[in-house]
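**Q** Handing you this structure, nothing more for now.
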Amino acid sequence: MAELLPPGVAPAAFAAALTEFRQALGAEWVFTSADDRASYLDPFAIGDRDDHATAAALAPADTDQLRAVLRIATRHKVPLWPVSMGKNFAYGTAAPAIKGTVVLDLKRMNRILEINEDLGYALVEPGVSFFDFKDELDRRGAKFWMSGPAHSWGSVIGNALEHGVGYTPYGIHADTICGMEVMLADGSLVRTGFGAIPGSQEWQAFKLPFGPVLDGLFTQSNFAIVTKMGLWLMPEPAEMAGVTIDGPGRGDLARLVDTLRPLKLDDTINSTYTIANGMRQITGGARRADIWQGPGAIPIARIEQALATRGKGWWNVIFNLFEHTAGGMDLRVEKVRRHFADRMPQAKLSVVRWKQGEPQAPWMRQETSLAPLAVVDWRGSPGGHSDFGPVVAAVGSRVNTLYEMVERRFEEFGLDPWIGMFGIGGRALVFVADMLYARDDKAMTEACKALFRQLCKDAAQMGIGVYRTHLEFMDDAAAAQTWGDRALPRLNARIKTALDPVGILAPGKQGIGRKPA
């Protein structure tokens with residue numbers, strides 16, 4: 001792996017910075033060898049992994065060392081790319097947006113500082129993984145549950161900051177944030193909310209302090225580095241039910257969305273629901289070559305044949321119901337059954353149940369797992385995946401129009417339309433339209449890039465934007481924010497300049513603060 005310089009930094013300045021970084025952190029925590037730097041490349045890169053290579057990586061152990069790093073970086077104008085653990089698969093993992101940017105690896109800052117079982121919150125550092133967090137809750141025998149994403153080895157803080165999603169009533173992870181400690185580019189520490197009051201016991205208890213609520217400013221941004229975060233935990237339920245809805249035809253998406261919406265709005269369905277199309281359903285336990293060996297995307301007719309052999313319809317819905325009151329679960333399940341019987345009688349519902357004290361089962365999604373990564377080799381090994389993630393109002397006709405456009409574009413670009421959706425908060429759906437590719441197939445990865453950029457343009461024409469992207473496409477996603485002569489991007493730029501005038505923190509993240517090499 002060739003040596004690199006950070007963008008805009010002269011060799012002598014970078015050498016001097018590395019010397020100072022080693023003095024501040026210890027030489028063993030400044031990574032410059034080819035093998036070390038290669039470990040920060042994106043394992044699912046869409047094309048050449050070196051397009052987002054780092055010139056070095058730094059691993060501070062605490063806020064004092066982090067402050068020293070920031071002051072050195074400011075003095076030598078060395079750009080930094082902070083990562084909590086760098087496990088954000090499909091979105092770039094630990095690699096920086098701009099080639100040569102130095103990775104600031106926070107995984108050594110890995111303390112679980114507090115779990116408060118009276119108020120149901122935790123205070124953690126960036127290096128705490130979902131595995132670590134689950135182990136600590138289990139060790140304590142805590143009567144609170146975490147909400148984890150599909151891939152569980154990443155950072156609890158990192159996932160919340162990137163607007164990650166889980167499968168409990170607390171599944172919008174950014175909504176569980178209550179109080180942050182952040183370090184600005186100049187090394188200043190700030191505590192948001194009631195953390196600004198020394199000795200506060202309300203920092204993680206209440207989100208609305210005197211003055212502006214700033215926590216959201218530091219999610220999906222490059223304005224500061226989050227060093228601590230408070231998160232609310234869900235009390236262990238008395239009962240759970242896992243509901244699967246199967247059978248609607250390919251043309252029934254609009255009716256399915258409109259049927260689910262009132263159940264989510266009135267909190268009968270009190271967690272995230274997922275909708276999977278036929279393509280997503282046929283990949284489990286199968287190899288692509290067993291289904292299709294021809295050119296281009298798998299034809300819809302072939303997908304329908306594969307579904308028929310499994311006794312499945314085109315759409316599959318999964319969600320869990322949570323109940324804290326004795327007898328309440330029977331009412332929830334019965335309401336879902338009646339609602340679908342009235343509006344979609346052709347749908348098939350199946351329900352499994354759990355009560356407190358029984359062994360947990362995989363469908364409950366409380367065990368940390370990496371199982372969903374198995375699909376990445378669908379188009380060949382070594383495989384990779386990323387996704388197009390537009391947010392659309394939960395109105396059946398609008399969702400269906402977007403789906404038809406996305407499916408059509410996937411077929412045009414020769415990629416299998418592996419499309420799912422998250423039903424979040426009752427009023428919106430987040431699409432997860434996965435691009436599965438063989439990483440060594442240049443034509444396929446170039447098709448993925450072209451597809452994503454076309455989808456961004458198509459969605460923008462509908463007034464639709466994405467909720468997050470692979471770092472390859474951050475500028476494309478930000479380009480849709482054109483209202484008011486790009487008023488929001490211009491405001492982001494003003495905030496960035498005010499908080500990070502030298503521009504050392506994550507240049508290019510979410511399309512903010514990009515500077516030419």
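**Q** Looking only at the stretch 2-14, count how many residues are of a type in the set (A, V, I, L, M, F, W, C), closer than 11 Å to His76 by Cβ and surrounded by 12 or more Cβ atoms within 10 Å (Cβ to Cβ).
**A** Within the stretch 2-14, residues that are of a type in the set (A, V, I, L, M, F, W, C), closer than 11 Å to His76 by Cβ and surrounded by 12 or more Cβ atoms within 10 Å (Cβ to Cβ) number 4.
**Q** From Ala57, Ala17, Ala90, grab the single residue that is touching a strand residue (DSSP E or B) at 6+ places or on another chain (Cβ under 8 Å), crowded, with 21+ Cβ neighbours inside 10 Å and under 20 Å from Gly503 (Cα atoms).
**A** Ala57
**Q** Condition first: of a type in the set (A, V, I, L, M, F, W, C) and assigned to a strand (DSSP E or B). Can you find one or more residues in the stretch 332-349 that meet it?
**A** yes
**Q** Yes or no: Val502 among the β-branched types (Val, Ile, Thr), modelled with pLDDT of 95 or more, under 22 Å from Val83 (Cβ atoms) and not in a helix (DSSP H, G or I)?
**A** yes
**Q** Those residues that are assigned to a helix (DSSP H, G or I), in contact with a strand residue (DSSP E or B) (Cβ under 9 Å, 6 or more places away or on another chain) and not hydrophobic (A, V, I, L, M, F, W, C), I need them from the stretch 450-475; list them, please.
**A** Passing the criteria: only Glu472.
**Q** Also: Kindly list, by first and then second residue, each pair from a residue in the stretch 277-305 that is at positive phi to a residue that is surrounded by 10 or more Cβ atoms within 10 Å (Cβ to Cβ) and of a type outside the set (A, V, I, L, M), limited to pairs with Cβ atoms under 7 Å and residues at least 6 apart or on different chains.
**A** Going by the 7 Å Cβ cut-off, the qualifying pairs are Gly296/Gly414.
**Q** Looking for something of a type outside the set (Val, Ile, Thr) and closer than 30 Å to Ala450 by Cα - is there at least one such residue anywhere in the stretch 66-80?
**A** Yes - at least one qualifying residue is present in the stretch 66-80.
**Q** Given Asp186, Asp175, Asp138, which one is of a type in the set (D, E, K, R) and part of a loop (DSSP other than H, G, I, E, B)?
**A** Asp186
**Q** Condition first: surrounded by 22 or more Cβ atoms within 10 Å (Cβ to Cβ) and not hydrophobic (A, V, I, L, M, F, W, C). Now tell me which residues in the stretch 453-487 satisfy that.
**A** Thr469, His470, Glu472
**Q** Another question about this same structure. Could you check how many residues of the stretch 242-299 are closer than 20 Å to Val165 by Cα and of a type outside the set (Asp, Glu)?
**A** 20
**Q** Answer yes if at least one residue in the stretch 429-444 is among the small types (Gly, Ala, Ser), outside the structural domain of Tyr40 (by TED's automatic domain parsing) and more than 29 Å from Ile298 (Cα to Cα), and no otherwise.
**A** no
The values are calculated or read from the model by the stated rules, or taken from the named source; none is laboratory data. None of the values given here were measured: they were computed from a predicted structure. Glycine gets a Cβ as well: all are built from the backbone with ideal geometry, and neighbour counts include every protein chain shown.
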